[in-house]
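Comments concern the structure below.
The values are calculated or read from the model by the stated rules, or taken from the named source; none is laboratory data. Predicted model, so just to flag it, every value in this text is computed and none were measured. Here the Cβ is made from the backbone with ideal geometry for all residues, glycine too, and neighbour counts use every protein chain on show. Quick note on the areas: whole protein, heavy atoms, side chains included, nothing else; ligands and nucleic acids left out. Shrake-Rupley method; radii C 1.70, N 1.55, O 1.52, S 1.80 Å.
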Amino acid sequence: MTATFDLVLKGGTVVNQDGRGRRDVAIRDGRIVDIGTFDRAQAGEVINCKGLHILPGVIDTQVHFREPGLDHKEDLESGSRAAVMGGVTAVFEMPNTNPQTVTAEALADKLARARGRMHCDHAFFIGGTHDNAADLPELERLPGCCGVKVFVGSSTGDLLVEDDAGVEAILSRISRRAAFHAEDEPRLRERKGLRVAGDPSSHPVWRDPTAALMATERLVAIARRTGKRIHILHISTGPEMDVLMANKDVATVEVTPHHLTLEAPGCYQRLGTRAQMNPPVRDAAHKERIWHGVLDGTVDVLGSDHAPHTLDEKSGTYPDTPSGMTGVQTLVPLMLDHVNAGRLTIERFVDLTSHGPARIFNIARKGRIAAGYDADLTIVDMKRSEQITNSWIASKSRWTPYHGETVTGWPVGTFVRGMKVMWQGELATPSSGEPVRFLETLA
Ligand code: DOR
């Protein structure tokens, strides 16, 4: 019997758990059903991928899409459009919206807003607070929830659990891996006077490496006391990488493209407040140690920490300016440029953006190019050089710190459950995103 497929991606170089090789990918009913060599006659549609690489769909496990409440910066439609334009097939969105995502109602509201408007698959973090700690065991198991996120240092918005007792009250109750923004709040308060008006290069002086290290060490200790799993977001310092390497049984690690690409002091001189981010971009020595963590395997995932603010908001005087920059659309091109520069292999990129997220968040049926898995695929042209420009940025805030930079390696196709959502820079099948499902909460 001749097999029939809805779609065959033909002649591309597949990068997956099998290594790297020329294979066709056959898709039926939104799933990958076979990998090999197939006849054109077997498929309803054939897409020629000759000269292109076919990667498992890129999962960005940290984005801020601002809806509801801060929709002038971004919303679920515009943020997810930016995601698929940049080759991202699924996102995990953060709870510092208004209202904050700290109740079942707020989570249900986000899921309802996402339906028919988000272009990629999605899940939402529940914010952990002193007030909702007792409810978190139920909240973290709601459909569409990727877990609990706790700010132990304050950033955009008011979500904050700065004390060990508060974190322990949360961690001791929940069962899934929780994600943390790790900067020590009392130290940040104590050092506020070090901010120099009009000089964003004082941002990493105020929010210094010790503040990040202190918080990460405290979180590791609480994880051990409670026997729970922690995920430390956006690592910005070398010493934290040493601590996390020594505690891989309880801790997983995220790094961001901006901490791997930008460095102080140059980024503050060049970009001013556009480089202002929490935790801050630091000097070359920290950046190199973070890269080492990518190469030696300490790092589990890459997240963009896409945190848009309008240029108007960014054009105020430091420190009255908000921290954050766009990133969901530039994650793939920036990192492919690093691949082409020989800084990491394409296999390690796939490990960080698909296998890693699936492994540490227990994602159901995503993160591999394998039969039976969702046909989430990121198609890239490793030879294509393009200039990143603000006009390419689909985010409502319409800017990127990489404006004017030329990269080699470019996302040319985004498939979400077999749907061609983006192809050659055009939105093809819009608004088809669904909630991501997780092994811990399948029932
Ligand atoms: O710089 C940041 N901005 N870091 C965060 O953790 C939050 C983010 C935001 O939401 O603006």
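Out of the residues in the range 251-270 meeting the condition of being touching a residue at least 60 places away in the same chain (Cβ under 8 Å), more than 20 Å from the chain's Cα centre (by Cα) and more than 16 Å from the ligand (Cβ to nearest atom), tell me which one is most open to solvent (accessible area, probe 1.4 Å). Of everything passing the filter in the range 251-270, GLN269 is most open to solvent (accessible area, probe 1.4 Å). In the range 271-353, counting only helices (runs of 4 or more DSSP H) that sit wholly within it, the ones holding 3 or more residues that are within 16 Å of the ligand (Cβ to nearest atom) span 311-314. Residue check: is ARG113 within 30 Å of GLY57 (Cβ to Cβ), modelled with pLDDT of 95 or more and outside any strand (DSSP E or B)? Against the criterion (within 30 Å of GLY57 (Cβ to Cβ), modelled with pLDDT of 95 or more and outside any strand (DSSP E or B)), ARG113 qualifies. Residues that are closer than 21 Å to CYS146 by Cα, surrounded by fewer than 24 Cβ atoms within 10 Å (Cβ to Cβ) and touching a strand residue (DSSP E or B) at 6+ places or on another chain (Cβ under 8 Å) occur in the range 243-250; there is at least one. For the range 144-203, a residue qualifies if it is part of a loop (DSSP other than H, G, I, E, B), closer than 30 Å to ALA358 by Cβ and not hydrophobic (A, V, I, L, M, F, W, C), and the qualifying residues are GLY144, GLY153, SER155, THR156, GLY157, SER172, ARG173, SER175, ARG176, ARG177, GLU183. Within the range 326-364, restricting attention to residues that are under 13 Å from the mean Cα position of the chain (by Cα) and closer than 26 Å to ASP312 by Cα, which residue is surrounded by the most Cβ atoms within 10 Å (Cβ to Cβ)? Within the range 326-364, the match that is surrounded by the most Cβ atoms within 10 Å (Cβ to Cβ) is VAL328. Taking the criterion of being in contact with a strand residue (DSSP E or B) (Cβ under 6 Å, 6 or more places away or on another chain) and either open to solvent by 10 Å² or more (accessible area, probe 1.4 Å) or within 14 Å of the ligand (Cβ to nearest atom) (or both), the only residue of the range 65-84 that qualifies is PHE65. Taking every residue in the range 181-192 that is farther than 12 Å from THR210 by Cα and pairing it with any residue that is in a helix (DSSP H, G or I) and at pLDDT 95 or above, at least 6 positions away or on another chain, the pairs with Cβ-Cβ distances below 7 Å are LYS192/TRP206. Could we say that PHE38 is away from the ligand (no atom under 16 Å from the Cβ), in a loop (DSSP other than H, G, I, E, B) and of a type in the set (Phe, Trp, Tyr) here? Spelling it out, PHE38 is indeed away from the ligand (no atom under 16 Å from the Cβ), in a loop (DSSP other than H, G, I, E, B) and of a type in the set (Phe, Trp, Tyr).
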